[in-house]
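What follows is calculated from the coordinates using simple rules that are stated; it is not laboratory data. Since the model is a prediction, treat every value here as computed from it, not as a measurement. As a convention, Cβ positions derive from the backbone with ideal geometry for all residues, glycine included, and neighbour counts pool all protein chains shown.
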Amino acid sequence: DKQGVEMITYEELHTQNHDITELSNVLLYLFRDRSMCDTGTCCELFYRYVGKVKEHIDLVEKNLYSKLLAHDNHDIQELARNFMSGSQEIKKIIAAYIKAWCPKKQPDSLAVAVHDRFLKESEEMFEIILHRIQNETERLYPLVKEISGDMEKAA
């Protein structure tokens with residue numbers, strides 16, 4: 001059943017992870033300056049970041065977990081389930097963050113009423129996502145490589 005599964009290389013996954021990391025570092029730098037939070041450029045970068053995170057999570061979900069879940073080793077299946085629940089958690093965190101800080105009336109802006117809290121919640125969200133990327137790189141990708149025996153293509 002290869003329907004909907006595209007060929008994806010580890011290089012592409014690493015590039016996505018690099019882009020997400022870079023954007024989170026730039027955003028965090030901008031978010032520290034209260035006056036930057038209200039700029040269109042900052043908001044555009046933020047929505048680009050969210051889009052890239054969601055796209056990456058969906059790509060990993062579609063392409064990598066099925067191999068691990070189908071494996072006969074229970075520990076490998078469990079790792080896949082943990083990553084899957086982590087994906088759902090990240091989606092919830094992003095949704096809650098957007099609900100709190102991105103006004104519906106002005107979808108291209110950030111509503112930063114309390115800058116300290118905004119910065120703290122932003123730092124926490126970026127930290128969770130960066131930690132996830134690190135786990136993928138150190139644990140998920142090597143495991144999929146080992147199982148598939150393919151060092152280039154993840155799926």
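Odds and ends about this structure:
- In the range 117-144, the residues that are part of a helix (DSSP H, G or I) form Cβ pairs under 9 Å with partners that are among the basic types (Lys, Arg), at six or more places apart or across chains, as follows: Phe118/Arg34; Leu119/Arg32; Leu119/Arg34; Val144/Lys67.
- Some residue of the range 121-137 being surrounded by fewer than 18 Cβ atoms within 10 Å (Cβ to Cβ), farther than 21 Å from Thr15 by Cα and not acidic (Asp, Glu): no
- Filtered by the rule that a residue be in contact with a Ser or Thr (Cβ under 9 Å, 6 or more places away or on another chain) and of a type in the set (Asp, Glu), the range 12-30 gives no residues.
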